[in-house]
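These notes are about the structure you will find just below.
Values quoted throughout were computed directly from the atomic coordinates according to the rules given, and no laboratory measurement underlies them. Because the structure is predicted, anything quoted here is derived from the model rather than measured. Cβ atoms come from the backbone with ideal geometry, glycine included; neighbour counts cover every protein chain shown.
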Amino acid sequence: MGDTIASLLIGEIGIIQDFCLDAIPLNLLEMGCLPGKEVRLLQIAPLKDPLYIKVNGSHLAIRIETAKQINITKLL
Amino acid sequence: MQGNSVLNIALVGNPNTGKTSLFNQLTGLNQKVGNYPGITVDKKQGKCKISEHLTAEIIDLPGTYSINPTTLDETIVLETLLDDSNSSFPDLVIVVAEVENLKRNLFLFSQIKDLKFPSILVINMSDQMARKGITIDIDALKKELKSEIILISARKNLGIDALKREIENYENWNTEPIANISEKIDSVFFETIKTTFPEFSLYKSWLLITQQKNCNFLSSKLHHKITEFNKDNEKVGKYQHKETIYRYQIINEILKKTYSVDKNEATDLRSRLDRILTHKTYGYIIFFGILMLIFQSIFEWASLPMDLIDSLFASLSELAKTNLPKGTFTNLIAEGVIPGIGGIVIFIPQIAILFLFIATLEETGYMSRVVFLMDKIMRKFGMSGKSIIPLISGTACAIPAIMASRNISDWKERLITILVIPFTTCSARLPVYAILIALIIPDERIFGIFNLQGLTLMGLYLLGFTAAISSAVLLHNVLKIKTKSLFVIEMPNYKLPSFKNVFYEVVEKTRAFIFGAGKIILALSIILWFLASNGSDKFKKADEIVSKQESANNLPDEVLNKKIASYRLEHSYIGNMGKVIEPVIKPMGYDWKIGIALISSFAAREVFIGALATIYNVESEGENVTTIKERMAAEVDPVTGEKRFNFATGMSLLLFYAFAMQCIGTLAIVKRETKSWKWPILQLTGMGALAYIVSVITFSILS
Ligand SMILES: Nc1nc2c(ncn2[C@@H]2O[C@H](COP(=O)(O)OP(=O)(O)OP(=O)(O)O)[C@@H](O)[C@H]2O)c(=O)[nH]1
Ligand SMILES: [Mg+2]
């Protein structure tokens, strides 16, 4: 429990959970970052921030504080 | 549509889908295109002939993921689509999507459809489909979306004619909405909205409610009505989320039936390149390697063509001098205007090389990787990774660079970026640097490879960058602005640069540089020439006065004439002005002539050399033709007899130009972008004071 996008390792995949709507900016949802969608961590920037993810077909870079707001369940 | 009516057509779509590429195809214009989300940051218009009887005004807009904006450039899209009193309010909308990210593109399309615009879906980059293993069942998709769809390739010019033919028929397009938001979310709530705003489509009313703060075109009555609905912030926010999820549900269903990707066909070039280019050590090495390469080539590759241009303009002066009737005006042309223009044209090679690199990098998709690499570091300085793009393009010109900061969503990060951009060494500083360096730094090599003059120039670039970073840190600690930031950037796929796009970008930018500066130099040298060749009493009687003063010395004619000319210049209008400012600039090591050139260059920095040329030439009327550089090297301080442009004065000038904010154009843009005079005034005074103090200190230490 308590996994977020920030706790993924490179190459790992998670499923975005039903998240608290207030914590996630609308704009991220609109880019396809929705509950139930698969998210894969592609790269971590050299200073551990930002994160480069693929979610719902989009390739995005988000900052770690945003990533920490998005709960996931890890897929093995 | 009747006879010669004009149709307003807006191009809307996600960033980087090829809206501007399509715009250029339709209008024949050459707006800037690049593989980076956020190239277009402003509304651009152009004419297009759709058919015999139908002309359209095409409106290119910044890219946006949704009509709910988070950055300034996105707000422009919202305004264009909602403000129907606007002259560019569209009659129809072309939504530009792209084969790879169709799902996300359709999200925006569904919003546009719900606004009830006659709209057509254009799916761009069809040339990429086979390579990526994508198949789209266009006919089925048309049925599902109840819309017209055209597959095009803006780069290969495919499907454009089909699009035009379809547009002719726009009055018959289906304008039914795609998503029925009221039913799915809260029918009672949306029913009240419907009855309160019967004049608008439901979705438009909903947008006005959720985006009230971004709509400054509303009447006060409307304002009032809207406020009633969005008092309950939480509810509105929740409904927006629901709406988003609902839209994606619909789209997913549709795409399941119509869109497929064959994973085997998709190459993983992207991930391989990403692994290297964003690697924690190689990533930085490659980035700084590229920067080094750019600077080296600016100095190395450009030197041959620059020498050619130099000698070309020298012979042009010679030609003017021998063929035009003798007189001051000929001198102005031959020694003021021609070298002044030459002093700009000579930089074409360097500027073209700079733009060649920037445009190529932008087309490859590499820039987003730099943003990703640099974000954390830039945040320590109060900026965003996205600030890197404006800071790099600031080496060309601060004005587009400041505009490019529009896609930074955090206001504080954006403001700091705007404020420090003018420290980066723009191309207008290059002419001034180059000539001063040539005068005061010996043309020698150290360690056999590094050219000392080139190193000095490189040092000045670094100095500018350091100044930008340090003042950013200062501002970061001083400015008390609370912002809730959201940083998201899309990482586009890598592309081979299109030669045509890069070529046009280089030509366009270079042309703008030459003509912009050329006009100012031409105007200014004529004004300065006039002010230097006229004056009041003492100016007119210069002959008498000087002859009388010197009568006892029995000077040879030549020397006497020189003295008269100097005396005359000193008492011309411009001389009088110069004398007024001399006390202020003396501590920096300048005489009044440099002072005048300095003030002239507040219009634009590159004017400095031309202004000096004009002043010197009026003084040395009738003498042999010399290049500006030779004339500057020959100028001596009448009191000490030393060279005017010695090391101390030269360094002081170089540093002044490195720090001072001498560009009216930039100040105007900063005012426009920050909507306040406060910030440009801060830049002008802050950078001015810094430049002054540094120059005074430098001069007093070195002399
Ligand atoms: N392969 C291919 N590339 C294209 C096509 N159309 C545009 N591009 C490339 O896609 C990138 C983005 O093109 P732009 O026209 O700048 O896109 P835009 O939608 O105006 O982007 P923003 O202004 O940033 O929102 C550029 O690198 C283009 O060269 C196409 O049909 N095929
Ligand atoms: Mg564009």
Which parts of the range A:49-76 would a label at residue A:10 reach, counting a residue when its backbone N lies under 13 Å from a point 7 Å out along Cα-to-Cβ?
A:49, A:51-53
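Over all residues in B:237-248, what is the mean tally of Cβ atoms on other chains that come within 10 Å of each residue's Cβ? Let's see the in-between values first.
Details: counts 3, 2, 0, 4, 9, 1, 3, 10, 5, 0, 2, 7.
So the per-residue partner count for this stretch is 4.
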Note to self: C-alpha centroids of the range B:298-342 and the range B:91-114 sit apart, in Å, by 54 Å
Listed peptides B:636-643, B:405-412, B:285-292 by packing density, highest first (mean Cβ within 10 Å)
B:405-412, B:285-292, B:636-643
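How many partner chain Cβ atoms sit within 10 Å of a residue's Cβ in peptide B:488-499, on average, as a whole number?
Working: counts 13, 7, 5, 9, 1, 1, 0, 0, 0, 0, 0, 0.
Mean partner shielding for this stretch: 3.
If I stretch the segment between residue B:559 and residue B:671 completely, what's the gain in nm (0.36 nm per residue apart, minus their alpha carbon distance), one decimal?
Numbers: separation 112, 0.36 × 112 = 40.32 nm, distance 5.16 nm.
Length gained, residue B:559 through residue B:671: 35.2 nm.
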What number in nm² do you get for chain B if you take the convex hull of its Cα atoms and divide its surface by four?
37.8 nm²
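Volume per residue, Å³, of the convex hull around the alpha-carbon atoms of the range B:6-172? Before the final figure, lay out the partial values.
Values: hull volume 18.2 nm³, N = 167.
For the range B:6-172, the hull spanned by Cα atoms encloses 109 Å³ per residue.
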Estimated distance in nm for a label pair at residue B:470 and residue B:323, the labels positioned 7 Å out from Cα along Cα-to-Cβ
5.1 nm
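Output the peptides B:670-681, B:518-529 sorted from most to least packed, where packing is the average of other Cβ atoms within 10 Å over each peptide's residues. Please report the intermediate quantities before stating the final value.
Numbers: B:670-681: 15.6, B:518-529: 19.2.
Result, highest mean first: B:518-529, B:670-681.
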Full-stretch length increase - residue B:290, residue B:697 - with 0.36 nm per residue and alpha-carbon distance subtracted
143.0 nm
Per DSSP H run of at least 4 residues, take -39500 (n - 2.57); add these up for chain B, divide by its residues and hand me the 222 nm value, nearest 500 deg cm²/dmol.
-19000 deg cm²/dmol
1/(1 + (r/R0)^6) with r = Cβ-Cβ of residue A:65 and residue B:218, R0 = 51 Å, i.e. FRET efficiency to nearest 0.05, evaluates to 0.90
Tell me, what is a quarter of the convex hull surface for the C-alpha atoms of the range B:288-408, in nm² with one decimal?
9.8 nm²
From Cα coordinates alone, what are the radius of gyration and Dmax values for the range B:181-265 in angstrom?
16.7, 58
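Step through the table entries B:19/B:495; B:44/B:509; B:19/B:256; A:54/B:132; B:164/B:257; A:37/B:142, compare each Cα-Cα distance with 20 Å, and write down the pairs that go over it. Don't skip to the answer; put the middle values down first.
Working: B:19/B:495 16 Å; B:44/B:509 17 Å; B:19/B:256 26 Å; A:54/B:132 17 Å; B:164/B:257 28 Å; A:37/B:142 26 Å.
Beyond 20 Å: B:19/B:256; B:164/B:257; A:37/B:142.
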When N is the residue count of the range A:5-74, what does its C-alpha Rg come to as a fraction of 2.2 N^0.38 Å?
0.97
What dipole magnitude, in Debye to the nearest 20, does chain B give about its Cα centre under +1 on Lys/Arg Cβ and -1 on Asp/Glu Cβ?
1640 debye
Take the Cα atoms of the protein assembly as shown, find their three principal axes, and give me the spread along each one in whole Å, biggest first.
105, 63, 51
When you look at the Cβ of every residue in B:96-103, what mean number of other chain Cβ atoms sits within 10 Å?
2
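Rounded to a whole number, what is D in µm²/s for the range B:173-229 from Stokes-Einstein with the Kirkwood radius over alpha-carbon pairs (4 °C, 1.567 mPa s)? Walk me through the intermediate numbers first.
Values: Rh = 12.1 Å.
Here the translational diffusion coefficient equals 107 µm²/s.
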Separation of alpha-carbon centers, the range B:379-428 and the range B:595-620, rounded to whole Å:
29 Å
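Take the eigenvalues of the Cα gyration tensor for the range B:13-83, scale each by 5, and report the square roots as semi-axes in whole Å, largest first.
That gives 22, 15, 9 Å for the three semi-axes.
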Can you pull the Kirkwood radius for the range B:537-702, inverse mean 1/r over Cα pairs, to one decimal in Å?
17.7 Å
I'd like to verify something in chain B: which complete DSSP H helices, judged by Cα projection on the helix axis, reach 27 Å or more and average at least -1.0 on the Kyte-Doolittle scale?
B:303-323, B:452-478, B:499-533, B:678-702
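Once you have the Cα-Cα distance between residue B:253 and residue B:116, take 0.36 nm times their residue separation minus that, and quote the gain in nm to one decimal.
On the way: separation 137, 0.36 × 137 = 49.32 nm, distance 2.19 nm.
Full extension of this stretch gives 47.1 nm more.
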With a 10 Å radius around each residue's Cβ, average the other Cβ atoms per peptide and rank B:553-559, B:97-103, B:347-353, A:63-69, highest first.
B:97-103, B:347-353, A:63-69, B:553-559
In whole angstrom, how far apart do the alpha carbon centroids of the range B:144-218 and the range A:9-76 sit?
29 Å
Would you mind ranking B:413, B:234 by Cβ crowding within 10 Å, fewest neighbours first?
B:234, B:413
